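Here's the structure we're looking at; comments come further down.
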Amino acid sequence: MKKDNELGRFLLANGYIEAMELTAGLELSLRSGDPIGEVLEQMGVLPKARLVEAVRRYLGIPEISLTQVIIDPGVAGLIPEDMALRYTLIPFGLRSGILRVAMLDPTNERALRDIRMLTGLEVEPVFAEKEEIQTAIRQCLTVEQSVARLAHLADRTFEDQAAWLTESNEVDSQEDDAPTLKLVHSVLHEAVVQEVSDIHWEPRKNDFVVRYRIDGKLIKKHVLSANAARSIVSCLKVMAQMNVAERRIPQDGRMTFSAGLRSIDLRMASMPTVYGEKMVVRLLDPEMAQRPLNDLGMRSEVEIGVQVLLKRTNGLILVVGPTGSGKTTTLYALLRELNAEEQNIISIEEPVEYHLSGVNQIQVNLPAGLSFAVGLRHILRQDPDVIMIGEIRDEETARIAITASLTGHLVLSTLHTNTAAEALARLMDMGVEPYLLASAVSGVLSQRLVRRLCEHCKSTYSVSEAEKRALRLPPSITQLYRSTGCSKCLGTGFRGRIGIHEFLHYNQEIKELILARHNSRDIEQQAMISGMLTIFEDGLLKVTQGFTTAEEVLHAASGIEG
């Protein structure tokens, strides 16, 4: 009773409950014999999560970030995966005969007792976030234990493995008996949670490495046994409905993967290498296609300029940049701005990454003879108002796009060039006559993606004079932001990405340079005179505003600024 009184006073003093609630709780606890915490929870006064937090503070149980800890799989494996999942906990350290366990509820006496009985060790509980514990379980228990159970497949023939994997994949209830499928599902689920864009499954001489691309950077996450490679690749092929028996040529496949309430489209590609087949899985989150234009990081004047062009009924709007610069996401955001019942919008893409309601999407099919150029010719017979071309790759596609924009259609497309001015020069190099180009193009948006600083852990630092000169910063800027790392960003210091842009708005001066066949440098200089900020300059604005770091902008703009 004394312990309950002390806990009750702590709850009252720290604002968890009111005095009347404490009095009623103590009376009910005295009659029932239940601890005060359980009684308050039953009364509906203190939710479970708040009770755990309060008791943890009362007992002085420390908190830990598992992203800052290297967990020994041998220590984690002292308890089975089902127990770890049932109690949401994982052992992460062992010292002087005491097992340190990260727990969502470090006050759970039943869990502590079960761990002591199973391991024969004293237990030191610490608190950790639920997402971090679940990620650690997948990495240290699900993956490791599944790999260990894959050993019995190493001696099977390739055909036996394919048949076994197919059977296991079709029957969900057999997953406990299918370590390969369990491992693959675990990695895919972890990738969805961590917002991974691509998973690389890479066979090497002595092992099989899994790497994640997070915010544009590849990070090694798992090192598996080389013996597991063939079974895992076979499993992925079965899931994507690829030819399991064909290992000599590249293949492509698709599937939909469910992670909790989220449904993610996976695009898979296999490639034969000297050590076996490599698989790359691209995760396509449908939510990316729903991002509005004002969520892409554009400066207000750039967004307004683009909105003005979208109100036109004709013209060519280009979005340019290298692979992975977010061009497709921007195109979809533009289509969302235009999407209306009174508009007939048709797109031709390779491939169709996201499905947009209200947009008639066509996928290029080269084996069947459906190229961008062929598709465009037929699209023009479908009475379109807006045409979106995934990419202008050749002279024929460029000419049809230009012609469409001159005959009353609004055309959106992309090019692979470094700067906005280079896009105009590239079209002339493709053979488009300057007089057509000068009349057709409305504007060019060039962009890059940089990692966004984590809002939970970013910090400021004083800028040196040398850094000011290198970055061309004004004297008034004395502090910038840098990454630190916390549990919210998995220790990277960054969370998500933001665009940096340059917007070349077509005007009479630019038109005259095009007609005179001036080079891209002359076009860019005239655009800057007219008020265009380069990608580097826009990036520096976002650095001073605390969105990203100078290093990120310098890396993104490398090869652009001379």
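Quick look at the values:
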| quantity | calculated |
| --- | --- |
| Evaluated at q = 0.15, 0.16, 0.24 Å⁻¹: base-10 log I(q)/I(0), Debye formula over Cα of the stretch 478-562 | -0.66, -0.72, -1.14 |
| Solvent-accessible area per residue for the stretch 523-562 (1.4 angstrom probe, square angstrom) | 42 Å² |
| Difference of contour (0.36 nm per residue) and Cα-Cα distance, A13 to H378 | 124.0 nm |
| Amide proton proximity set for R262, modelled H, under 5 Å, gap of 5+ | none |
| Amide hydrogen neighbours beyond the local backbone of G496, cut-off 5 Å, H modeled | R452 |
| Label selected from (1) 222; (2) 203; (3) 142, the criterion being volume of the Cα convex hull per residue in Å³ as computed here | (1) |
| Solvent-accessible surface ranking, highest first, for K237, K488 at 1.4 angstrom | K488, K237 |
| Radius 13 Å from Cβ of E41, net charge of other residues (Lys, Arg +1; Asp, Glu -1) | -3 |
| 13 Å beta-carbon shell around R116, net charge (K/R +1, D/E -1) | -2 |
| Lone cysteines, the chain (no partner Cβ under 4.7 Å) | C140, C235 |
| Accessible surface, per residue, of the stretch 1-73 when the full set of protein chains is kept, probe 1.4 Å, Å² | 61 Å² |
| Part-to-part distance (alpha-carbon centres) for the stretch 179-255 and the stretch 434-453, which is given in Å | 36 Å |
| ³J(HN,Hα), Karplus 6.51/-1.76/1.60, whole Hz, each residue of the stretch 268-277, x for Gly, Pro | 10, 9, 9, 8, x, 10, 5, 9, x, 7 |
| List T142, T323, ordered by accessible area with a 1.4 Å probe, largest first | T323, T142 |
| Cα centroid of the stretch 476-492 to Cα centroid of the stretch 1-68, whole Å | 36 Å |
| Listed residues Y212, Y275 arranged by accessible area, highest first, probe 1.4 Å | Y275, Y212 |
| Å² per residue, accessible surface of the stretch 375-506 at 1.4 Å | 41 Å² |
| Per-residue [θ]222 nm for the chain (sum of -39500 (n - 2.57) over DSSP H runs n ≥ 4, rounded to 500) | -11500 deg cm²/dmol |
| Percent accessible area from carbon and sulfur atoms, the chain, protein chains only, probe 1.4 Å | 49 percent |
| Fully extended contour minus Cα-Cα distance, from T256 to E109, at 0.36 nm per residue | 48.9 nm |
| 3J(HN,Hα) from dihedral phi, the stretch 19-36, Karplus parametrisation 6.51/-1.76/1.60, rounded to Hz, x for glycine, proline | 4, 5, 5, 5, 4, 5, x, 5, 5, 5, 5, 5, 6, 8, x, 7, x, 4 |
| Accessible area (Å², 1.4 Å probe, nearest 10) - K48 | 100 Å² |
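The values are calculated or read from the model by the stated rules, or taken from the named source; none is laboratory data. All values reported here derive from a predicted model rather than from experimental measurement. In this analysis, Cβ positions are derived from the backbone assuming ideal geometry, glycine residues included, and neighbour counts consider all displayed protein chains. The accessibility values were calculated without ligands, DNA or RNA, using every heavy atom of the protein model including side chains. Shrake-Rupley method; radii C 1.70, N 1.55, O 1.52, S 1.80 Å.
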